[in-house]
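Reviewing the structure listed below.
The numbers here are math on the coordinates, done by the rules we state, and not lab data. As the structure is a computational prediction, the values presented were derived from the model and not from experiment. Don't worry about glycine lacking a Cβ; one is built from the backbone with ideal geometry, like all the others, and counts go over all protein chains shown.
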Amino acid sequence: MRGKAAPYSQKNHYLCAYMETLLGKTLDELKAVAVENGLPAFVGKQMADWLYHRQVRTINEMTNLSKAAREKLSANYIIGCNDPSDAQRSVDGTIKYLYPTRAGNYIETVYIPDGDHATLCVSSQVGCKMGCKFCMTGRQGFEGTLSAADILNQVYSLPERDKLTNIVFMGQGEPFDNLDNVLRVTELLTAPYAWAWSPKRITVSSVGLRKGLTRFLKESSCHLAISLHNPFPKERAEMMPAERSFPLTEFVDILRREDWSHQRRLTFEYIMFGGLNDSKAHADELVRLLGGLECRINLIHFHTIPDTPFREADDNTMTWMRDYLTQHGITTTIRASRGQDIYAACGLLSTAKKNQEKI
Ligand code: SF4
């Protein structure tokens, strides 16, 4: 069912929950599946084509496999795709989808069309351990990690899949806390045998986790976005507990040792909170911290969440901050606010769904 969210069958979901998914497997793994099932290894390549080029919904649709091969595979495997169970549409074209996961949870994915571009913001975990004070997902707590199939399904089963130009890992969860699966997904998005996207179309965002950062810099060519939100360590730690285990001064040192002059882009995300991180002292400290580093700063409007002391910075202050930082040598932009009428703050829709199920 394309074009709108399909009704989601819990019964069907649980029937298939014990079966292994083909979605999320690399070419070598699909070849191994073929061989383990008594089929020639080249069947693995055929499966990769059906999965990643034609995005089939059932093994039975892989019509160049023999009937016997399809039956054998169907006895042990499913594709692993699930249509969104709910969707909220903004007047500006942004759509927030609610996807069921294989473990019976819900995650959010946001489709953001913008002229001839369309970006998908995907989730990497159910909830999050990072506990950022301004984030609804952080408040939700951590409920589990997502498999590669669950992450990839947000693209695979997206009604607007063929319009996508960019993917950002900025939804629920901390991508570096599920890095095995995030790297597997970025491999499948960029591998010639799968989606063959340029890594320049993909951005992975993180609050900055020590092990994850080092590994990501070594193993991935995708763009990196760091959630900074405050240049003063003490203030940042009050908003973002992750600062205590990996201080921003340390990760900026590591980032300074990387070559950012080609291909890969480094962005610092900075949500602007009124009266909290929007002063000249904050701007000067950002210049001191990031000066000379090949990077850009993206200033973000705060989408308020229930029962929070945080408030949005006003437009004039955001414009002033952008101009001040740019004049002091740091390319700075203000991210356009999208989907404000559909609860754009990440975590609100899945939290509402969870509360609904408790009733
Ligand atoms: S802002 Fe990101 S890292 Fe922080 S709690 Fe929310 S989802 Fe997790």
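Near Ala41, once Lys and Arg are set to +1 and Asp and Glu to -1 for all other residues with Cβ below 13 Å from its Cβ, the sum equals -1. Percent of C-alpha pairs per 5 Å bin in the range 24-78, short distances first: 4, 23, 36, 30, 7.
Stretching Thr308 away from Leu266 to a fully extended chain increases their span by 12.1 nm, per 0.36 nm per residue minus the current alpha-carbon distance. Across the chain, the mean sequence separation of Cα contacts (distance under 8 Å, 6 or more residues apart), normalised by length, yields a relative contact order of 15 percent. Here His53 and Ser221 are evaluated by their C-beta separation; at R0 = 25 Å the FRET efficiency comes out at 0.70. Positive contributions from Lys and Arg (+1) and negative ones from Asp and Glu (-1), summed over other residues with Cβ under 14 Å from the Cβ of Cys222, come out at +4. Principal axis extents of the Cα atoms in the chain, from largest to smallest and rounded to whole angstrom, are 70, 49, 39. For the pair Phe42 and Glu187, a Förster radius of 22 Å applied to the C-beta separation gives a FRET efficiency near 0.55, rounded to the nearest 0.05. For the range 163-252, the relative contact order comes to 26 percent (Cα pairs under 8 Å, sequence separation of at least 6).
Remark: spin-label model distance Asp114-Lys234 equals 3.6 nm, labels positioned 7 Å along the Cα→Cβ axis. If the chain between Ser198 and Arg210 were fully stretched, how many nm would it gain, using 0.36 nm times the residue separation less the Cα-Cα distance? Answer, rounded to one decimal: 1.7 nm.
Only helices enter the 222 nm calculation for the chain: every DSSP H run of n ≥ 4 contributes -39,500 (n - 2.57), and dividing by all residues gives -10000 deg cm²/dmol, rounded to 500. Computed extension gain for Thr249 through His328, at 0.36 nm per residue and net of the alpha carbon distance, reaches 26.5 nm.
3J(HN,Hα) couplings calculated from phi for the range 257-272 with the Karplus curve 6.51 cos²θ - 1.76 cosθ + 1.60 (θ = phi - 60°) are, in sequence order, 7, 7, 8, 9, 7, 10, 6, 7, 10, 10, 10, 10, 8, 9, 6, 9 Hz; Gly and Pro show x.
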